[in-house]
Structures are given as C-alpha cells and as structure tokens.
Amino acid sequence: MTSDAKPKLLIVEDDEGLQRQLRWAYDDYEVLVASDRDAAINLVRSTEPAVVTLDLGLPPDPDGVSEGFAALENILTLKPDTKVIVASGHGARESALRAIASGAYDFYQKPVDIDQLGLIVRRAFQLHEIECENRRLESQVSENRTVLGTMITAAPEMMKVARTIERV
C-alpha cells in the first residue's frame, strides 16, 4: 500500500440514509458500500478491505439476522484476517455473543453513534496493521535469529548474550 492510499472500509448496510452518513463520517478511509450479502462478498473478493462494518439485518431478511450471519461467515471464510464489526439492533445481547463466537472483531448496538463506531473502526484498522506487520516480520525471521527458545532478535549484542546463556 502506498503512503497516500487510504485504507479500505467496507460498510454493509441496507439503509441508504445510514450509508450516506457513514460514508461522509469516514473520509479518512476509502469507503465501499454494499446493500446485501452478495454485493458485500463481491467487494471483499475484489478489494480485500481490512475492516468491514456489517449490519445483521440485510435483505431478503431485513428484520432478522440470518443474512448478516451468513455474510459474516462468508467474509471470514474468504479473508480470515478481516476485522468485521457487527452492528445490529436485533436481539442485541444474543446477537453480540453469537457474532463474537463466530469470529467478529467487535459488536456495536444500533442506533449508531458515529464517534463511538469511529473509535471501534480505528482500533480495528490499527490491530489489522499490527497483525500484518507481525506476519511480515515473522516471514523474515530465520532460525539463526531465534534465541533462548522463542525470542527473536537482530541485535548482535543480544545474540551474543543469548548464545552465552544457551551454552551455560
């Protein structure tokens, strides 16, 4: 990702008014919008957003949660490292527990408070970035950089101390 590219945020929401409000509120991100599960899955495949806000009440079941949970499962199957923030007003406690158990990063109860949801979204992007950096660093680590069992270092001084301890 180039330094001027905005991180991708996918908003899966069937309420057009809320779509506009969220798009406007998150100008630090490249906001992508989907109104149903199929559109959301297509966007996840084509754009690989790091963070998704997902309304559980999606057509053809806008008053239930079946489509939202199916979308959550599909998204995490396609891209397990995606941070999915589930937002719903449908049976909030039960839905929250089920969403987290199903792999959602976080849950937010509607009605949406833009500032609070914005904080959750920022936290999700930060965690995603840290996890990507950790995977990148882990892939660069070779056996000779691991000391004292599981510690990883590139500092020559630390390598020398650790090798001395290992000999003892």
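Taking region 1-40, which residues are open to solvent by 80 Å² or more (accessible area, probe 1.4 Å) and assigned to a helix (DSSP H, G or I)?
Once the filter is applied, which keeps residues that are open to solvent by 80 Å² or more (accessible area, probe 1.4 Å) and assigned to a helix (DSSP H, G or I), region 1-40 yields Glu16, Arg20, Gln21, Arg23, Trp24, Asp38.
Considering only region 76-91, I want to know if a residue exists there that is open to solvent by 50 Å² or more (accessible area, probe 1.4 Å), outside any helix (DSSP H, G or I), at pLDDT 90 or above and more than 18 Å from Leu9 (Cα to Cα).
Checked region 76-91: no residue is open to solvent by 50 Å² or more (accessible area, probe 1.4 Å), outside any helix (DSSP H, G or I), at pLDDT 90 or above and more than 18 Å from Leu9 (Cα to Cα).
Checking the structure you have, find out if any residue of region 107-122 is open to solvent by less than 30 Å² (accessible area, probe 1.4 Å), at pLDDT below 95 and farther than 23 Å from Lys6 by Cβ.
Checked against the condition, which is being open to solvent by less than 30 Å² (accessible area, probe 1.4 Å), at pLDDT below 95 and farther than 23 Å from Lys6 by Cβ, region 107-122 yields no hits at all.
Please pick out the residue among Phe69, Phe125 that is in a helix (DSSP H, G or I), in contact with a Leu (Cβ under 9 Å, 6 or more places away or on another chain), touching a residue at least 60 places away in the same chain (Cβ under 8 Å) and surrounded by 15 or more Cβ atoms within 10 Å (Cβ to Cβ).
Values: Phe69 fails: touching a residue at least 60 places away in the same chain (Cβ under 8 Å).
So the residue among Phe69, Phe125 that is in a helix (DSSP H, G or I), in contact with a Leu (Cβ under 9 Å, 6 or more places away or on another chain), touching a residue at least 60 places away in the same chain (Cβ under 8 Å) and surrounded by 15 or more Cβ atoms within 10 Å (Cβ to Cβ) is Phe125.
Give the residue that is nearest to the chain's Cα centre (by Cα), with candidates limited to residues of region 67-107 that are closer than 15 Å to Ala124 by Cα and hydroxyl-bearing (Ser, Thr, Tyr).
The selected residue is Thr82.
The values are calculated or read from the model by the stated rules, or taken from the named source; none is laboratory data. Note that the structure is a prediction, hence the values are computed from the model and not measured. Here the Cβ is made from the backbone with ideal geometry for all residues, glycine too, and neighbour counts use every protein chain on show. The accessibility values were calculated without ligands, DNA or RNA, using every heavy atom of the protein model including side chains. Shrake-Rupley method; radii C 1.70, N 1.55, O 1.52, S 1.80 Å.
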